[in-house]
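The values are calculated or read from the model by the stated rules, or taken from the named source; none is laboratory data. If you're wondering where the values come from, they're calculated on a predicted model, not measured in any experiment. Every residue, glycine as well, gets a Cβ built from its backbone with ideal geometry; the counts of neighbours run over all protein chains shown.
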Amino acid sequence: MKFNAKRFINEKLEEIKKEAGNGGALVATSGGVDSMTCALLSYKALGKKAVILFIDDGLMRESDKKIVREGLKPFGVTVKIIKAQKDFFKAIKGKESPEEKRKAFRQVFYKTLGKAIKQNKVESLIQGTIAADVIETKDNIKTQHNVLKQIGIDPKKRFGFKVVEPLREIFKHQVRQVAKQLGFSQRVYKQMPFPGPGLATRIIGEVTPRRIKVLRQATEIVEEEIKELRPFQAFAVLLKDKATGIRGGKRFFGNIIVVRSVESKDAMTASVTRVPWRILEKIRDRIIEEVPQVIKVLFDITPKPPSTIEFI
Ligand code: XMP
């Protein structure tokens, strides 16, 4: 049966009312299309009984907080901001293995939400887990931060609250249709996917405030320069290795940034964007000039599979 966004919305409004209508719910949104869709569906279903939250964890891009605020404003939704940078950096400090990082992120993420749920006196968490997140985590490809029940974690026992997942059966392109139908601006429903653990999934090795800052700057440049191609997803990655170069006439041992851009429908497979040289060169020049810690810029030509889209 062809996906019908209008019917989906009506069904989900009923489901949310039934599952979370009594005790109220919290929805944490990162600005991404999945969590924004969830936030608005929840607000439409529960009104003031839905508390919409942005966790400022220090791992987001420059623009994310703005997208959350401005994207939801036309619908009369106010967003509460929780500052939790210190907790997140403390939790992932010293961790280098991708799975360890993801699990540490998941732990502090749900602990932060647990506290907020108590403070706001609601009973459930509504989150934007989509079908691809569930499939990949179940297949043991990687531990997506927002998959719990499906891998045997009982959120009620572990974190003390019930989890409702209205988008669990649909894929990214269908979420976009729902977001469009709900009336979001193109900036929200056409935007590239951005993972919940944010820039932390794009750092090989330790995640520190200083390394996040380097990656954040490079990410902004890649997004800006590649925008005209409208790729499914494009971003920068900071490697752990360093490389020798020359800066100011002297030997300089600097960071390496990888640029990745992929085309996909549902994020389950992906091909590499054929980025014209002029754009790659512009990205390279701007990163080298504007992010002085970086001395080498590479372009990733690997599809998924065998690579995943993100690096960790
Ligand atoms: P991979 O890297 O597995 O990514 O090919 C598939 C899609 O999922 C996004 N992704 C995540 N999203 N939490 C999220 O919310 C996560 O832990 C996570 N890991 C990957 C990724 O950006 C891509 O769009």
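Scanning the stretch 208-227 for residues that are under 17 Å from the mean Cα position of the chain (by Cα) and within 15 Å of residue 278 (Cβ to Cβ) turns up just one, 222. A count restricted to the stretch 181-195 and to residues that are touching a Gly at 6+ places or on another chain (Cβ under 8 Å) and either loosely packed, with under 14 Cβ neighbours inside 10 Å or among the small types (Gly, Ala, Ser) (or both) stands at 2. Looking across the stretch 246-274, just one residue is at positive phi and buried (at least 19 other Cβ atoms within 10 Å of the Cβ), and that is 267.
In the stretch 277-298, the qualifying residues are those that are in contact (Cβ under 8 Å) with a residue 24 or more places away in the chain and surrounded by fewer than 16 Cβ atoms within 10 Å (Cβ to Cβ), and the one that is farthest from the ligand (Cβ to nearest atom) is 292. Given the criteria at pLDDT 95 or above, within 15 Å of the ligand (Cβ to nearest atom) and within 18 Å of residue 96 (Cβ to Cβ), does residue 239 qualify? So residue 239 fails the test.
Might you let me know whether the stretch 288-296 holds any residue that is of a type in the set (Lys, Arg) and more than 14 Å from residue 218 (Cα to Cα)? Looking through the stretch 288-296, none of the residues is of a type in the set (Lys, Arg) and more than 14 Å from residue 218 (Cα to Cα). Note on the stretch 111-139: residues that are under 27 Å from residue 9 (Cβ atoms) and assigned to a helix (DSSP H, G or I) total 11. Right, residue 187: within 14 Å of the ligand (Cβ to nearest atom) and either closer than 22 Å to residue 102 by Cα or not aromatic (Phe, Trp, Tyr) (or both) or not? Judged against the criteria, residue 187 is not a match.
The number of residues in the stretch 141-174 being closer than 19 Å to residue 100 by Cβ, out of contact with any helix residue (DSSP H, G or I) (no Cβ under 7 Å at 6 or more places or on another chain) and within 16 Å of the ligand (Cβ to nearest atom) comes to 2.
Selection within the stretch 114-129: residues that are out of contact with any helix residue (DSSP H, G or I) (no Cβ under 6 Å at 6 or more places or on another chain) and within 14 Å of the ligand (Cβ to nearest atom). The member of this set that is nearest to residue 205 (Cα to Cα) is 129.
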